[in-house]
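J.: Here it is, the structure, as structure tokens.
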Amino acid sequence: MNDREFEQYLTEGVENVVKDLLKASLFHPAESAFMLRFAASCKRADAVRHSFEEEGEHIPPFLIASITSVCNLHCAGCYARSLDTCSDGSPVRQLSSEQWGRVFSEATDLGISFILLAGGEPMVRSDVIEKAAEYPDILFPIFTNGTLIDDDRLAFLDKHRNLIPVFSVEGGQLSTDARRGQGIFDKVQSVMLKMQKKRLVFGASVTVTTENISEVTSDLFIKNLTDSGCKLIFYIEYVPTEHSSKALALNDELREQLAARVDELRKENGSALFISFPGDEKLSDGCLAAGRGFFHINSHGGAEPCPFSPYSDVNVIETSLREALKSKLFLALRSGDILLDEHEGGCVLFQKREEVEKLLLR
């Protein structure tokens, strides 16, 4: 699959997700009307970004928003805890729901159609989730461990179909519970079944390691997810943040194996959209961070290249989203070679963090 084919795949995949959302809301006239509106808003957003492009200003279609640094789980090998960007308690300086609302509003004006809500565990910030629901022109995939989604939250998701949970799993019960804690797999499965019963669309995020790659790319694993109603499957290569966990990171051979398998799944399985990170960078001539394809806002408002590269020289509390995209760090990364460099796999910005730090000190 070349660059043009991958772009077309993503475009068609997103369109299929929107169609599935529309089908799921056929018995709810208000939600059906929303999905028709959202399909139209995607085209308008694309036109807005195109107009900026003609003026020499690139606006990415995706934003990752880590709306909290709090998490209720202690997953083995968690990069966020290793980087001290995740905690148990009540952290200070977290953006308020009103401040996040301003970010969402500015994103709408820029033509950003997709904002991935992450954490920590984003479901601890019900106030921000409720604020996101007020922006139906944006689709919000919510990367969640699923343990905090109760019946009240399911009812809320039923009313606001621009909010799409993406559940983090590591494979089947043994693999998921080994990393996330005893009983977590059953909790997530229970929520998936309830969502399927309500005809709500959801996705899955799978951290791929040397220990689970065979399981999470197997026909059985994929069938179990798609039979449950899963429409989006993200394969995220494990990024080691400690020397002791380097053995879990994929080597070149396994990385090629994953890429070939994902390509097969895209051709054979039309019921779900498959996205591989950072594997799909090869199809886009390098890393998409720092505003090439997406960027990251942390829970304090710092604009960062991506979650794995927690460096920032500008904060959205003090400036606009548009100006944040023009930060010295982002411009240096986009005009330099780091994003395009050959590397050992995984996150290029994490592996080359010393070079990123030097750019930050300029």
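J.: Surrounded by 18 or more Cβ atoms within 10 Å (Cβ to Cβ) and over 30 Å from Thr209 (Cβ atoms): which single residue out of Gly119, Gly111 fits that description?
T.: Gly111
J.: Does the range 137-154 contain at least one residue that is of a type in the set (Asp, Glu) and under 15 Å from Thr207 (Cβ atoms)?
T.: No, the range 137-154 contains no residue that is of a type in the set (Asp, Glu) and under 15 Å from Thr207 (Cβ atoms).
J.: Right, another one. State the number of residues belonging to the range 72-105 that are assigned to a loop (DSSP other than H, G, I, E, B) and either open to solvent by 40 Å² or more (accessible area, probe 1.4 Å) or at pLDDT 85 or above (or both).
T.: Summing the residues that are assigned to a loop (DSSP other than H, G, I, E, B) and either open to solvent by 40 Å² or more (accessible area, probe 1.4 Å) or at pLDDT 85 or above (or both) in the range 72-105 gives 15.
J.: May I ask you to list the residues in the range 192-207 that are closer than 30 Å to Pro278 by Cβ and part of a helix (DSSP H, G or I)?
T.: Met192, Met195, listed by residue number.
J.: Any idea how many residues of the range 149-169 are out of contact with any strand residue (DSSP E or B) (no Cβ under 6 Å at 6 or more places or on another chain), of a type outside the set (A, V, I, L, M) and either open to solvent by 50 Å² or more (accessible area, probe 1.4 Å) or in a loop (DSSP other than H, G, I, E, B) (or both)?
T.: Count: 8.
J.: Check every one of the helices (runs of 4 or more DSSP H) wholly within the range 316-362 and list those with 3 or more residues that are at pLDDT 80 or above and open to solvent by less than 20 Å² (accessible area, probe 1.4 Å).
T.: Answer list for the range 316-362: 328-335.
J.: I want to confirm something. Restricting to the range 171-191 and keeping residues that are assigned to a helix (DSSP H, G or I) and in contact (Cβ under 8 Å) with a residue 40 or more places away in the chain, which single residue is farthest from Ala249 (Cα to Cα)?
T.: Applying the filter and picking the extreme gives Val191.
J.: Also: Here are Leu157, Leu163, Leu200: which of them is without any contact (Cβ under 8 Å) to a residue 60 or more places away in the chain, more than 28 Å from Tyr238 (Cβ to Cβ) and not acidic (Asp, Glu)?
T.: Leu157 is the lone residue from the list that is without any contact (Cβ under 8 Å) to a residue 60 or more places away in the chain, more than 28 Å from Tyr238 (Cβ to Cβ) and not acidic (Asp, Glu).
J.: Need a quick list: helices (runs of 4 or more DSSP H) entirely within the range 209-277 having at least 3 residues that are open to solvent by less than 30 Å² (accessible area, probe 1.4 Å) and without any contact (Cβ under 8 Å) to a residue 60 or more places away in the chain.
T.: It comes to 219-227, 252-268.
The values are calculated or read from the model by the stated rules, or taken from the named source; none is laboratory data. Please read all numbers here as calculations on a predicted model, not as lab measurements. In this analysis, Cβ positions are derived from the backbone assuming ideal geometry, glycine residues included, and neighbour counts consider all displayed protein chains. Side chains included, ligands, DNA and RNA excluded: accessible areas come from the protein's heavy atoms. Shrake-Rupley method; radii C 1.70, N 1.55, O 1.52, S 1.80 Å.
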